[in-house]
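The values are calculated or read from the model by the stated rules, or taken from the named source; none is laboratory data. Bear in mind the structure is a predicted one, so any value in this text is a computation, not a measurement. A quick note on method: Cβ atoms are made from the backbone with ideal geometry, for glycine too, and the neighbour counts reach across all protein chains shown. The accessibility values were calculated without ligands, DNA or RNA, using every heavy atom of the protein model including side chains. Shrake-Rupley method; radii C 1.70, N 1.55, O 1.52, S 1.80 Å.
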Amino acid sequence: MTQPLMPHATASWLVDNTALSFEQIADFCGLHILEIQAIADDTAATKLTGRDPVRAHELTMDEIEKGQDDPDYRLKMLKGPEQVRRTKGPRYTPVSKRQDKPDGIAWIIKNHPEITDGAIGKLIGTTRTTIAAIRDRSHWNIANIVAKDPVTLGLTSQRELDALVTKAAKASGQEAPTDTRLEGDREALLTQLRAEREAASREAEGGEDAGTSAPVEHTAETLFKR
């Protein structure tokens, strides 16, 4: 069954304001009956502020009265909580990765100073205050912050970071950086293809029909495409 949006707070309100049994409240809120007992005895870790499920349109008074009249009755929710999809604001970052945010911010500030604080905040999911503190080295933990690639840290994707770098470079009138990480592999591939072409040409010249066809000329570009 669908649970109320705030099950513990709802349970607290039902304990204080109705004559429903602990079992009925536990069933409606999706909690263990011992949790309801703890709420009733004020032995929970924190004192909960009750949440009225009637005002939240999750229960009706008629439904509560049915439950109070019949201890075996199971309350039926009027409607489940609406699912809200986040569309704006900083992205959510898992708790396990939040401690890595300062390192990722420091890396962007160091390697891409053209990116604005607002853009960094949206990419990493942080505030301008934090970014400014890292930028001017007034952050409370600045001594332990080490610049690390936010992609490696899992704070963003390489595609998102590259898109942001390109956009920031364009906005500042700079030439967008070119990814040179594959240049060595490209040259090695071209060298290999040239060697294969020369070997094939020698074999063709040594064959009986070597003179029947003209060798095909290739450029570096066509070899790379192959």
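Residues in the range 4-21 that are open to solvent by 80 Å² or more (accessible area, probe 1.4 Å) and polar (S, T, N, Q): N17 alone. The set of residues in the range 119-137 that are open to solvent by 20 Å² or more (accessible area, probe 1.4 Å), under 22 Å from the mean Cα position of the chain (by Cα) and farther than 15 Å from T156 by Cα comprises T127, R128, T129, T130.
Per the conditions (1) in a loop (DSSP other than H, G, I, E, B); (2) surrounded by 12 or more Cβ atoms within 10 Å (Cβ to Cβ), the sole criterion not satisfied by W140 is (2). Find the residue count for the range 42-55, including only residues that are under 13 Å from L14 (Cα atoms) and either surrounded by 14 or more Cβ atoms within 10 Å (Cβ to Cβ) or modelled with pLDDT of 85 or more (or both). Residues that pass the stated criteria total 7.
For every residue, the table says whether it meets (1) touching a helix residue (DSSP H, G or I) at 6+ places or on another chain (Cβ under 7 Å); (2) at pLDDT 90 or above; (3) assigned to a loop (DSSP other than H, G, I, E, B); (4) farther than 22 Å from D100 by Cα.
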| position | (1), (2), (3), (4) |
| --- | --- |
| I131 | yes, yes, no, no |
| A169 | no, no, no, yes |
| G173 | no, no, yes, yes |
| A176 | yes, no, yes, yes |
| A188 | no, no, no, yes |
| Q192 | no, no, no, yes |
| E198 | no, no, no, yes |
| E203 | no, no, no, yes |
| T222 | no, no, no, yes |
